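Here's the structure, in structure tokens; my notes come after.
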Amino acid sequence: MIRLLRRLGYALALPVLLLVVWWITTDDSENFYLPPLRTILRAFAETWTLERFQADVLPSLARFAAGYALAGVVGVTVGLLIGGLRWLRALLEPVLEFFRAIPPPVLVPVIMLFAGIDHTMKVVVIAVGAVWPILLNTVEGVRSVDEVLVDTCRAYQLRRFARLRHVILPAASPQIVTGLRQALSIGIILMVISEMFASSNGLGYTIIEFQRSFAIPEMWSGILLLGLIGFALSVLFRAVENRVLAWYHGLRRAQRSS
Amino acid sequence: MLVIEALPHTGLVNGRYLPPTSQILAALAEQLGRAEFWTALADTLRAWAIGLAIAVAAGVLVGVLIGSVPVLRALTASTIEFLRPIPSVALIPLAVLLYGTELRSTLLLVVYASFWQVLVQVLYGVQDVDPVADDTARSYRLGVWGRIRYVVWPTALPYVMTGVRLAASVALVLAITAQLVIGSPGLGALIARAQASNAIPVMYALVVVTGILGVVINLVARAAERRVLAWHISVRREVAT
């Protein structure tokens, strides 16, 4: 119990301290750009009402979810394919490296040409940007599957599909998860960027709109909300990862302690 | 490339949206002859280099400090975990207000995004120090600096280099994003302008340039990593084969 309390104390001490410092130093702030924390928090409560949530935050999150899911499915499928076929990998590797190196936000104007500025465009932008880390990590994961395992499967005459399902996919999953984690932050960035660029609703649009109309406390509250969403998504991801990869983390721990 | 050349000719894709490779290359060649393009490229690279340098210096300094003092580590863990996933683009409006379209607003985003990459890797690296080596150094009465220099630093260096490599590409992404959205001078701003004025081949050419830039930065970072870590076991094996 005491240990738990101490850990809680350690975890909370600095954030609380920082908030207190922020509160005190800005409390009588006359600076237009740095309003008192009190004002920001009040603006937060007033701005992000349930209505606003439905009108702006939910569409953003829905687009993010759709784009991310699309990137995940395409990335893993194509990654398994490319990773499994040596000649295909040799053929495509340079092209893939090039596409990954293009900073994803520059795709926003390109994809806008094809898909206009509606819902689809944003989903496609998120998917196109987030697919590369997933794809390349999957390829790496498939490539590093233990060859003895694969040969054993062949010797037992496991079908191609069974081999994929029971050997290659689990063996590559730690790498795939790494790719998914990288894609998560890219996805959030693209969600915001695509809305800042061209949109009529959504989180990024709202924040930029506040900034343009010099509604500074509201803008700060939007930044705060974005931060909270980023944090929440990463916590959620970690929870899922710990569940799915429990066997892997356990294995690593066992290997380390031995 | 051939596929992209062929697609618009077959009429499968509207040529206005996806110009054939030849047109993109022509636009690229034309851009290469313009002073404006080179200034933009230099601006982008400058923002990238300065931002990366600040982020790496700060990340290593803070990382070694926090990593070597257990109390600090415990105290800061929750804050770092909270601040790290905050998308750096959330800072765009703030940067615009504070610095307008100057270089500094690009730098703010670049430094913020790449700082965490370095910091987290340094923290992992410092944690990875062999306790026996540390105890040995202590019993030889190495001072704090001596321990950092001869025990912590060599252990953490591979992690630091990984952090630098990750940060280098993140910094490029953020530099171009900032220019694209805020309009601070650089390649991103050129792309935004080309798109706004419907100069599609030029836009594609510039996108290709950013891609090449990304590949080059990747290659350079990888080469630097191999060079700095030539003594390290994981690289030594690679270099030998």
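More than 10 Å from chain A (Cβ to nearest Cβ), in contact with a Gly (Cβ under 9 Å, 6 or more places away or on another chain), among the aliphatic types (A, V, I, L, M) and crowded, with 22+ Cβ neighbours inside 10 Å: is that true of B:V202 in this structure?
no
Within the stretch B:45-64, track down each residue that is more than 19 Å from B:N218 (Cα to Cα) and either within 14 Å of chain A (Cβ to nearest Cβ) or not in a helix (DSSP H, G or I) (or both).
The one that is more than 19 Å from B:N218 (Cα to Cα) and either within 14 Å of chain A (Cβ to nearest Cβ) or not in a helix (DSSP H, G or I) (or both): B:V62.
Within the stretch B:80-103, is there a residue that is part of a helix (DSSP H, G or I) and away from chain A (no Cβ under 11 Å)? Walk me through how you get there before you give the answer.
From the stretch B:80-103, those part of a helix (DSSP H, G or I) are B:80-83, B:88-99, B:103; that's our starting set.
If we keep only those that are away from chain A (no Cβ under 11 Å) too, we end up with B:103.
Scanning the stretch B:80-103, I find at least one residue that is part of a helix (DSSP H, G or I) and away from chain A (no Cβ under 11 Å), so the answer is yes.
Could you tell me which of the residues B:I148, B:I182 is over 26 Å from B:L109 (Cβ atoms), surrounded by 15 or more Cβ atoms within 10 Å (Cβ to Cβ) and in contact (Cβ under 8 Å) with a residue 24 or more places away in the chain?
B:I148
Only residues that are within 13 Å of the chain's Cα centre (by Cα) and either at the interface with chain B (Cβ under 9 Å from one of its Cβ atoms) or of a type in the set (A, V, I, L, M) (or both): list them for the stretch A:183-227, please. Before the answer, list the steps.
Just the residues of the stretch A:183-227 that are within 13 Å of the chain's Cα centre (by Cα), to begin with: A:183-192, A:226-227.
Across the stretch A:183-227, the qualifying residues are A:A183, A:L184, A:S185, A:I186, A:I188, A:I189, A:L190, A:M191, A:V192, A:L226, A:G227.
Considering each residue of the stretch B:70-91, count those that are without any contact (Cβ under 8 Å) to a residue 12 or more places away in the chain and in contact with a helix residue (DSSP H, G or I) (Cβ under 9 Å, 6 or more places away or on another chain), and give that number. It would help to see each step written out before you state the result.
The first filter runs over the stretch B:70-91 and keeps only residues without any contact (Cβ under 8 Å) to a residue 12 or more places away in the chain, leaving B:70-72, B:74-79, B:81-82, B:85-87, B:90.
Subsequent filtering for residues that are in contact with a helix residue (DSSP H, G or I) (Cβ under 9 Å, 6 or more places away or on another chain) retains B:71-72, B:74-79, B:81-82, B:85-87, B:90.
Number satisfying all stated conditions: 14.
Within the group A:L61, A:L19, which residue is of a type in the set (A, V, I, L, M, F, W, C), within 14 Å of chain B (Cβ to nearest Cβ) and touching a residue at least 60 places away in the same chain (Cβ under 8 Å)?
Details: A:L19 fails: touching a residue at least 60 places away in the same chain (Cβ under 8 Å).
Exactly one residue qualifies, and that residue is A:L61.
Going by the structure shown, is A:R63 basic (K, R), within 30 Å of the chain's Cα centre (by Cα) and surrounded by 14 or more Cβ atoms within 10 Å (Cβ to Cβ)? Can you show your working first?
On the way: basic (K, R): yes; within 30 Å of the chain's Cα centre (by Cα): yes; surrounded by 14 or more Cβ atoms within 10 Å (Cβ to Cβ): yes.
For A:R63, the condition - basic (K, R), within 30 Å of the chain's Cα centre (by Cα) and surrounded by 14 or more Cβ atoms within 10 Å (Cβ to Cβ) - is met.
How many residues are surrounded by 23 or more Cβ atoms within 10 Å (Cβ to Cβ) and among the β-branched types (V, I, T) if we restrict to the stretch A:125-157?
The total comes to 7.
Which residue, of B:L107, B:L119, is out of contact with any Phe, Trp or Tyr (no Cβ under 9 Å at 6 or more places or on another chain), at pLDDT 80 or above, assigned to a helix (DSSP H, G or I) and more than 7 Å from chain A (Cβ to nearest Cβ)?
On the way: B:L107 fails: out of contact with any Phe, Trp or Tyr (no Cβ under 9 Å at 6 or more places or on another chain).
After applying the criteria, what remains is B:L119.
Of the residues A:R181, A:R160, which is out of contact with any Lys or Arg (no Cβ under 7 Å at 6 or more places or on another chain), basic (K, R), under 20 Å from B:P85 (Cβ atoms) and surrounded by fewer than 21 Cβ atoms within 10 Å (Cβ to Cβ)?
On the way: A:R160 fails: under 20 Å from B:P85 (Cβ atoms).
Just a single option satisfies the conditions, and that option is A:R181.
What about A:I24, is it loosely packed, with under 11 Cβ neighbours inside 10 Å and more than 30 Å from the chain's Cα centre (by Cα)? Walk me through how you get there before you give the answer.
Details: loosely packed, with under 11 Cβ neighbours inside 10 Å: no; more than 30 Å from the chain's Cα centre (by Cα): yes.
No; evaluated as a whole, the condition is false for this residue.
Give me the residue from the stretch B:122-145 that is surrounded by fewer than 13 Cβ atoms within 10 Å (Cβ to Cβ) and either closer than 20 Å to B:L61 by Cβ or touching a Pro at 6+ places or on another chain (Cβ under 9 Å) (or both) and, out of that set, modelled with the highest pLDDT.
B:W145
Considering only helices (runs of 4 or more DSSP H) fully contained in the stretch A:80-158, which possess at least 2 residues that are of a type in the set (S, T, N, Q) and closer than 19 Å to B:L166 by Cα?
Working: elements: A:86-101, A:107-115, A:119-143, A:147-155.
Correct list: A:119-143.
Got a number for residues in the stretch A:236-246 being more than 15 Å from A:Q175 (Cβ to Cβ) and at pLDDT below 85? Quick ask: steps written out before the conclusion?
Of the stretch A:236-246, the ones more than 15 Å from A:Q175 (Cβ to Cβ) are A:236-240, A:242-243, A:246.
Filter again for at pLDDT below 85, leaving A:246.
Qualifying residue count, the stretch A:236-246: 1.
Looking at the stretch A:184-204, which of its residues are among the hydroxyl-bearing types (S, T, Y) and either under 20 Å from A:V73 (Cβ atoms) or buried (at least 22 other Cβ atoms within 10 Å of the Cβ) (or both)?
Going residue by residue through the stretch A:184-204, those that are among the hydroxyl-bearing types (S, T, Y) are A:185, A:194, A:199-200.
Listed by number, the residues that qualify are A:S185, A:S194, A:S199.
Can you find even one residue in the stretch B:142-164 that is under 21 Å from B:I54 (Cβ atoms), within 13 Å of another protein chain (Cβ to nearest Cβ) and of a type outside the set (S, T, Y)?
no
Within the stretch B:92-117, which residues are in contact with a helix residue (DSSP H, G or I) (Cβ under 7 Å, 6 or more places away or on another chain) and closer than 28 Å to A:Y10 by Cα?
B:V111, B:Y112, B:A113, B:S114, B:F115, B:Q117
What number of residues within the stretch B:213-225 are surrounded by 14 or more Cβ atoms within 10 Å (Cβ to Cβ) and over 9 Å from B:M161 (Cα atoms)?
Quick first cut of the stretch B:213-225, residues surrounded by 14 or more Cβ atoms within 10 Å (Cβ to Cβ) only: B:213-215, B:217-218, B:221, B:224-225.
Next, only the ones that are over 9 Å from B:M161 (Cα atoms) stay: B:213-215, B:217-218.
Total satisfying the criteria: 5.
What are the residues in the stretch B:205-230 that are of a type in the set (A, V, I, L, M, F, W, C) and either in a loop (DSSP other than H, G, I, E, B) or facing another protein chain (nearest Cβ under 9 Å) (or both), if any?
Initial filter on the stretch B:205-230 (of a type in the set (A, V, I, L, M, F, W, C)): B:205-209, B:212-213, B:215-217, B:219-221, B:223-224, B:228-230.
B:L206, B:V207, B:V208, B:I212, B:L213, B:V215, B:V216, B:I217, B:L229, B:A230 - these are the residues of the stretch B:205-230 that are of a type in the set (A, V, I, L, M, F, W, C) and either in a loop (DSSP other than H, G, I, E, B) or facing another protein chain (nearest Cβ under 9 Å) (or both).
The values are calculated or read from the model by the stated rules, or taken from the named source; none is laboratory data. Bear in mind the structure is a predicted one, so any value in this text is a computation, not a measurement. Cβ sites come from the backbone with ideal geometry, for glycine too, and all protein chains shown count toward neighbours.
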